[in-house]
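No value in this document is a laboratory result; all are computed from the given coordinates. The structure displayed is predicted, hence computed values, not measured ones. Reconstructed Cβ throughout: ideal geometry from the backbone, glycine too, with neighbour counts over all protein chains shown.
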Amino acid sequence: MRNKLFCLLLTAAFLSGCMESPAAGPDASPTPSPDAPAETGETASASAEPSAEFTLSLSEEAYSWDAMQPVGIWGNMLMRSEPGYYTVCKDGLWGLITADGQVLLDCVNERPIDICDKGDWICEALQTYTTEEHPDAIALQQATGRPLCSAHGVLYGWYYYDVDAKEARRYSVLDGSSFNETVGAADWSAFGDWLPVYPARMKDEYDLGPAEGGWLYVNAAGEQIQPRNAAGEEPDAAGWFFEESLAPVSFDGQWAYTDRRGNLVTEAVYEPVWHNGGEGNPPEYAASLQNGYAAVCREGQWGLLDSAGIEVIPCEYPGVAWEGTVLWVKTEDGWHRAEVPNT
């Protein structure tokens, strides 16, 4: 897209290597809140079966996109998604649609279309036309009320648990400069009352050191929960709760979902489906729940998980996409709008 942004992506990819988790240090043990026992080791079955009366209602119209996914918002690791839009792929190129299927931009971009940390569209195919006449660029901006992103650095942020200060902090990087600050009210408002963090400390004034234990969740009061699997292992990655009842946590690269008491309600059987931005980056995370549901993938087949950890759509479809408002399901003849099943 832009040379500066490409350099930042390389920096982000390098720094993300700091998020691997060796054995926990002595200061990293979580202190669970009284109503949130963290170390129960309780684990549900892989996924509860959907109702025997399960039916999937699909629209008659099918779309021939090869893939579709929610639009990501850059600026945090891991990224958030923007409700109301999907980026869709055809023959290796990506376009943009509204959640209900209105085409806003044909498939012309070499990577998924995302939103920068300033709220503007990232679309390299049109980026040079931000101030010039171009029908597609003008139509996209008029249809969405969002401008195309101009060249600027992206403020990347990581949340971690400071082993020395014993508090959640945000470490950010912009144009080679780093910032280290206490998590504030805006962070809790944007990401919910439990933040996924990993224990670490600043290596020096500018660089965040490696993880010193498994991932855990921390709230503004300093309370902690740390899910564990049946073997007592700590997560090697974790995703957002936002305001939902479940969040994704990873064990050896396979994802489970935990409740707000630290109990796993599914086994770690799900594959990563969500990305961290950047051209060619493979999926790294399971999807967070949005409005009570998350698209999940198991053994290469897709389904829809609800807030109880039940596959209301079993993992037996070529694709499922959910950005919080409109559900899409892929069958043999293409992508269809679908009704969220009542179970």
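The table that follows gives values for the structure above.
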| quantity | calculated |
| --- | --- |
| Local electrostatic count at Ser59 - Lys and Arg +1, Asp and Glu -1, tallied over other residues with Cβ under 11 Å | -3 |
| Computed over region 149-257: relative contact order in percent, which uses C-alpha pairs under 8 Å that are six or more apart | 19 |
| For region 75-118, convex hull of alpha carbons as volume per residue, Å³ | 84 |
| Of the GluC sites (Glu not before Pro) in region 272-343, those whose Cβ has at most 10 other Cβ within 10 Å and which sit in DSSP loop | Glu299, Glu332 |
| Length-normalised contact order of region 52-121 in % [C-alpha pairs under 8 Å, at least 6 apart] | 26 |
| Loop chymotrypsin sites (Phe, Trp or Tyr not before Pro), region 159-233 (other Cβ atoms within 10 Å of the site Cβ: 15 or fewer; DSSP) | Tyr206 |
| Contact order normalised by residue count of region 250-336, Cα under 8 Å, 6+ apart, percent | 17 |
